[in-house]
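Working notes, structure below.
Just so you know, all these numbers are worked out from the coordinates, no wet-lab data involved. Keep in mind the model is a prediction, meaning the values are calculated, not measured. Cβ placement follows ideal geometry from the backbone for every residue including glycine, while neighbour counts extend to all protein chains displayed.
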Amino acid sequence: MLSQEENELITRVGPGTPMGEVFRRFWLPAMLSSELTEPDCPPVRLRLLGEDLVAFRDTNGRPGVLAANCPHRGASLFFGRNEECGLRCVYHGWKFDVDGNCVDMPNEPPESNFKHKVQARAYPARDAGKVIWVYMGPHRPAPELPRLEWTLVPDENVYAHKRFQDCSWLQNVEGEVDSSHISFLHRSTGRNLGDATDVVQTQGAPRFSVLPTDYGLLIGAQRSASESTDYWRMTQFLLPSYTMIPARPGAYIDFTGAVPVDDDHMIGFTVAWRPDRPLSAEDVAKIESWDYVYAEVDQRTFRPVRNRENDYLIDRQVQRTESYTGIKGIRDQDHAVQEGMGPIVDRTAEHLGSADTAVIQVRRLLLSLVADVQAGREPYAAQHPEAYRVRSGDGMLPRDASFEEIARAYTAPVSAG
Ligand code: FES
Ligand SMILES: [Fe+2]
């Protein structure tokens with residue numbers, strides 16, 4: 001449980017807010033690279049941390065992110081002409097490059113020096129791992145991108161997915177680190193796979209261990225699998241709002257990112273990758289069908305097909321006979337509960353137990369980061385991209401295995417890149 005002040009402090013992310021300032025220390029996944037289809041393609045609207053922006057790809061293929069409103073008199077640059085290495089406002093023709101420099105001002109006399117005095121607000125942007133990343137922070141040059149494995153392997157090895165979610169980013173993060181809910185929310189009653197899935201489905205009360213790390217937190221959830229073995233799930237919480245849930249055996253590794261559009265809307269990124277080889281068409285089909293962790297979305301709007309307006313297409317008969325929720329798809333089940341809490345859940349009214357250990361630790365860490373940034377201390381992770389070279393995982397381990405020993409394997413840097 002948090003006080004009202006703490007809840008406000010930790011969730012509000014608009015310009016000038018303490019948590020917004022924390023987010024602005026980190027590179028953020030902003031959109032799929034494929035949304036800016038080619039050099040000089042149409043610009044795309046973007047909203048991050050309560051700021052309206054416009055993204056474009058210039059003639060040389062460089063992504064650029066500018067404040068949506070033209071610095072002349074505020075027309076939307078979304079309507080701009082993307083031509084010859086710059087975005088030209090259609091109101092009076094002022095043109096800006098990806099760094100925000102005004103490179104042409106055709107409605108002023110040629111001898112005027114005015115264009116050199118005008119700058120559009122521009123944020124550094126990069127393509128990595130089939131995603132466009134944006135850095136909205138104060139440092140120039142910007143720090144290096146976090147060296148997440150999927151941003152270092154060839155694009156052919158990566159599957160990246162985007163969706164919009166209508167609630168605070170923190171509700172999504174808290175769901176990702178909460179291993180106990182998967183035994184309930186995501187339970188399929190008809191299932192009996194005879195593997196770790198069964199342990200998760202039948203053992204609803206995992207014991208949590210949490211270790212502070214350079215990138216955030218390593219979270220171990222331990223369930224009894226037999227008299228002598230435990231099933232461990234190791235999940236990373238990576239600052240500011242990313243998680244890696246355990247890889248599926250022999251297959252793909254999963255990353256999720258909850259990126260604030262504003263206080264009560266977010267963009268959810270889910271990424272699967274193979275460190276060792278390109279993904280085949282068959283791999284992609286498997287990823288897309290795997291219990292719908294990658295929500296089915298309208299490819300134009302990135303809005304989930306099962307959503308709040310249609311009650312996520314809940315089927316009460318299926319709920320009685322086949323699945324805990326009657327809602328198809330793991331991601332949509334998450335949406336139903338996370339959006340159903342309201343835009344920002346009232347954390348003063350909660351009753352937290354030991355199953356909420358990881359949630360509590362994440363909040364503590366974020367609050368301490370808020371205090372650090374307010375005091376002028378830079379978050380360590382934002383300045384140390386190497387810290388992000390880790391993988392999640394799971395395993396059946398002897399009952400006497402210690403968390404510290406297991407954790408060592410999940411905090412060592414991975415080799416890709
Ligand atoms: S408002 Fe953009 S050029 Fe005038
Ligand atoms: Fe979930």
The exposure ranking of Phe96, Phe208, fewest beta-carbon neighbours within 10 Å first, is Phe208, Phe96
Using Cβ contacts closer than 10 Å as the measure, can you line up His116, His92, His351 from fewest to most?
His351, His116, His92
Mean residue ellipticity (222 nm) of the chain, computed from DSSP H runs ≥ 4 via -39,500 (n - 2.57), nearest 500
-6000 deg cm²/dmol
Can you tell me the FRET efficiency between Val90 and Ser188 if r is taken as the Cβ-Cβ distance and R0 is 60 Å, rounded to the nearest 0.05?
0.70
Under a Cβ-Cβ limit of 4.7 Å, which cysteines in the chain have nobody to pair with?
Cys41, Cys85, Cys102, Cys167
Using every Cα-Cα pair within the stretch 118-175, state what percent have a distance larger than 19 Å.
52 percent
State the percent of C-alpha pairs, over all pairs in the chain, separated by a distance greater than 27 angstrom.
54 percent
Whole-Å semi-axes of the ellipsoid equivalent to the stretch 211-355 (Cα gyration tensor, √5λ, descending):
25, 22, 20
Using unit Cβ charges (K, R positive; D, E negative) and no other charged atoms, how large, in debye to the nearest 20, is the dipole of the chain about its Cα centre?
300 debye
Looking at the stretch 52-196, what % of the alpha carbon pairs are farther apart than 24 Å?
52 percent
Within the set Ser241, Ser33, Ser402, GNM on the chain using Cα springs under 10 Å gives the largest fluctuation to Ser402
Among Met244, Leu352, Ile327, whose Cα projects farthest towards the positive end of the dipole of the stretch 242-381, with charges put on the beta-carbon of Lys, Arg (+1) and Asp, Glu (-1)?
Met244
Over 19 Å (Cα to Cα) - which of Lys286/Lys328; Lys95/Lys162; Lys95/Lys115 fall in this group
Lys95/Lys162
If neighbour count is taken as other Cβ atoms inside 10 Å, put Thr202, Thr270 in order from fewest to most.
Thr202, Thr270
Taking the alpha-carbon centre of each part, the distance from the stretch 119-182 to the stretch 358-373 in Å is 19 Å
